[in-house]
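Visitor: The following block contains the structure, expressed as structure tokens.
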Amino acid sequence: MELSGDRWSDLDQIMTQEFTLIPLPALEGEWGGLSGDAATVAYLEANSAVHYLIDRFGMSRVRELLTHLKARQALSAAMESQLSLSYEQFQSRWVDQLQHHEKKG
């Protein structure tokens with residue numbers, strides 16, 4: 001979604017609602033078993049995390065990360081090697097940014 005330039009109009013409305021964050025590692029793999037509400041939150045989170053990744057590290061670093069993922073490197077290992085940041089550190093900083101944005105809004 002982030003890279004296509006398309007805007008999912010429901011995202012802004014969802015951001016104003018109360019919801020529980022799904023840990024990012026839980027979003028890896030199939031989403032077919034998620035309820036409609038959980039799938040919406042999953043899309044929102046994935047979009048937000050990618051947006052943060054691009055803003056924080058730049059598109060060239062994201063492309064490098066994608067190259068490692070395409071070569072079947074685990075996401076946690078690719079983040080560590082390409083961003084010098086553990087998956088847990090990334091998630092923590094992303095959540096901090098979300099909470100900061102929420103307080104401003």
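Visitor: Which one is surrounded by the fewest Cβ atoms within 10 Å (Cβ to Cβ), of the residues in segment 56-87 that are free of Cβ contacts under 8 Å to residues at least 12 places away in the same chain, out of contact with any helix residue (DSSP H, G or I) (no Cβ under 7 Å at 6 or more places or on another chain) and under 20 Å from Leu27 (Cβ atoms)?
Guide: Across segment 56-87, the extreme among qualifying residues is Arg72.
Visitor: Another question, then. Hey, can you tell me all the residues within segment 77-87 that are under 16 Å from the mean Cα position of the chain (by Cα), assigned to a helix (DSSP H, G or I) and among the hydroxyl-bearing types (Ser, Thr, Tyr)?
Guide: Residue satisfying the conditions is Tyr87 alone.
Visitor: For segment 40-58, which residues satisfy the criterion of being within 20 Å of Gln89 (Cβ to Cβ) and not aliphatic (A, V, I, L, M)?
Guide: Passing the criteria: Glu45, Ser48, His51, Tyr52, Asp55, Arg56, Phe57, Gly58.
Visitor: Filter segment 27-55 down to the residues that are farther than 16 Å from Met79 by Cβ and without any contact (Cβ under 8 Å) to a residue 24 or more places away in the chain and list them by number.
Guide: Answer for segment 27-55, where residues must be farther than 16 Å from Met79 by Cβ and without any contact (Cβ under 8 Å) to a residue 24 or more places away in the chain: Gly29, Glu30, Trp31, Gly32, Gly33, Leu34, Ser35, Gly36, Asp37, Ala38, Ala39, Ala42.
Visitor: So which helices (runs of 4 or more DSSP H) stay within segment 1-76 end to end and still have 3 or more residues that are of a type in the set (A, V, I, L, M, F, W, C) and modelled with pLDDT under 85?
Guide: 10-15
The values are calculated or read from the model by the stated rules, or taken from the named source; none is laboratory data. What you see is a predicted model, and the numbers here were worked out from it, not measured in a lab. Glycine gets a Cβ as well: all are built from the backbone with ideal geometry, and neighbour counts include every protein chain shown.
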